[in-house]
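Single-structure report; data block below.
Bear in mind that the values in this text are calculations on the coordinates, not laboratory data. Keep in mind that what you see is a predicted model, and the values were worked out from it rather than measured. When we count neighbours, we look across all protein chains shown, and the Cβ atoms used for this are built from the backbone with ideal geometry, even at glycine.
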Amino acid sequence: MSKRATIQDVADYLKVSKSAVSHALSGRRRVSPELSRRLNAAIAELGYKPNFAAKVLTTRSTGLIGVVVNELENPNTVTLLNELSRELGKSGYSITLCLCESREVQEGCKLISRISNGMVDAIINMLPQLTNEEVLAAAADTPVLTYRRHKHSPIIVDYGRGVMQALDYLTGLGHRRIGLISVVKLCCGDADPRETAYREYMIRKGLLDPALIFPGAGDNASGYAGTASLFTLPEPPTAIFAGNDLTASGVFQWAHDHCRRLPEELSVIGFDNSPLAATLYPRLTSVDIFAPRIAVHTARVLLSMIGREQQEVPPAVIHPELVVRDSCSTPVMKNAVQTEP
């Protein structure tokens, strides 16, 4: 195995001091265009790669932001991560993902504590089961931001607005039996705000039937199981409002498996308007919560915490908007339980 090139080897190759190469690589001092050209050529020739640990000791920065997530199945999560990476990259940071599938508070705290020992410059916590206090205690001196729940600069999503637009659209088409598959396991221990808004709306309209509410986990399996449960009712729904697009995909799958035509026999609306919405068939009508805006705000708040954003970042209010596609129609046929062959 050939010896790994060192910074001293680069200096000897260029016949300059080691400190000159170090300053040029770190950007702490300006160098001539000619030296910069020769340095790049020498690095390519020798195959030199800076020692990460040495760089961290010198700069006191890893250039990494740890993002702790509980799943990578939801397309909306992937969208958020892509946007976070893009926004933090503008300030020279890269993100490193840490997956914690356990819902145990202790396991989440253990992971955050493990990466807060100098591995990253800051942490974004996206685990819904951890409170701000638990995250701060686990992270010790490492700056940490709990996604959407920062004390002074939170992100406020007007769920009531989004739910009202979705239900107004469905009732306007003539639907009265509207099922809800919620996402109770993804709501930080609180009630699903979509379900709260749904109940308030349906009560106002005199349409609330608690049997039409199925508590889900925000995944495809919940959409499938929820639809199967709702269609055992004596009067099944003519429309289903899914707590997110991934849940809606499970509704689609159940409908396909049971020969229910979409949207003729069942209308479906999702929530979050992830990339999945436009790829389902028929294309899914969904409530857009503007994930890129949420990611930009999150990045700005984190950068302000570590001194890279000079101005204090005010709270952000997201006003969801219904994006109408092809998954809803008037309830032209009465749903009835069909006996499978």
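Computed quantities for the displayed model
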quantity	calculated
Translational diffusion of the chain, µm² s⁻¹ [Kirkwood Rh, Cα pairs; Stokes-Einstein; 25 °C; 0.890 mPa s]	107
Cα gyration tensor shape for segment 83-193, rounded if a/c is under 1.5, else prolate or oblate	prolate
Within the chain, helix-based [θ] at 222 nm, where runs of 4 or more DSSP H residues each add -39,500 (n - 2.57), nearest 500	-12500 deg cm²/dmol
Over the chain, relative contact order from alpha-carbon pairs under 8 Å, at least 6 apart, %	16
Sequence ranges 236-247, 294-305, 202-213, ranked by mean other-Cβ count within 10 angstrom, highest first	236-247, 294-305, 202-213
Sequence ranges 193-200, 33-40, ranked by mean other-Cβ count within 10 angstrom, highest first	193-200, 33-40
Rounded, prolate or oblate (a/c below 1.5 giving rounded, otherwise prolate when a/b exceeds b/c) for segment 157-289 by Cα gyration tensor	rounded
